[in-house]
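Following: one structure in structure tokens, then a few remarks.
Bear in mind these aren't lab numbers, they're just calculated from the coordinates by the rules spelled out. Since the model is a prediction, treat every value here as computed from it, not as a measurement. With ideal geometry, Cβ positions are generated from the backbone for all residues, glycine too; neighbour counts draw on all protein chains shown.
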Amino acid sequence: RSKHEEIELVSLEEFYKEAPPEISRPAITLAEPHQQTLARLDWELEQRKRLAEKYKECLTSKEKILKEIEVKKEYLSSLQPRLNSIMQ
């Protein structure tokens, strides 16, 4: 038994529908179950890499937005003393 059997892979229909031909290689993988499993694992790896990159981009975007919020909070907190001085 192998560790890959514990990984929940996409269905075969979805794999052949979504995976690019250079990964799915239907001419080879439809006839050979071992090659099919290897191709599905390759596709899983590609998807995970893509999702990891997207996750990093989202974290970077989140940090940027949090910094912008902090700057705006500081500006708004400094606004009250200014308004008080104008009112006097």
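Once you have the Cα-Cα distance between residue 4 and residue 80, take 0.36 nm times their residue separation minus that, and quote the gain in nm to one decimal.
On the way: separation 76, 0.36 × 76 = 27.36 nm, distance 6.03 nm.
Gain in length upon complete extension: 21.3 nm.
Based on the Cβ-Cβ distance from residue 27 to residue 58, what FRET efficiency comes out when R0 is 35 Å, to the nearest 0.05?
Details: r = 37 Å, r/R0 = 1.07.
With R0 = 35 Å, the Cβ-Cβ based efficiency is 0.40.
So what's the projected area for the chain, the Cα convex hull averaged over all directions, in nm²?
Values: hull surface 37.5 nm².
Here the figure is 9.4 nm², rounded to one decimal.
Taking the chain as the reference, fit the longest principal axis to its C-alpha atoms, fit the long axis of helix 33-87 to the helix C-alpha atoms, and give the angle between the two in degrees, 0 to 90, nearest 10.
Computed tilt is about 0 degrees.
Could you tell me which of 45, 9, 66 has its Cα farthest along the dipole of the chain towards the positive end, charges placed at Cβ (Lys, Arg +1; Asp, Glu -1), taken about the Cα centre?
66
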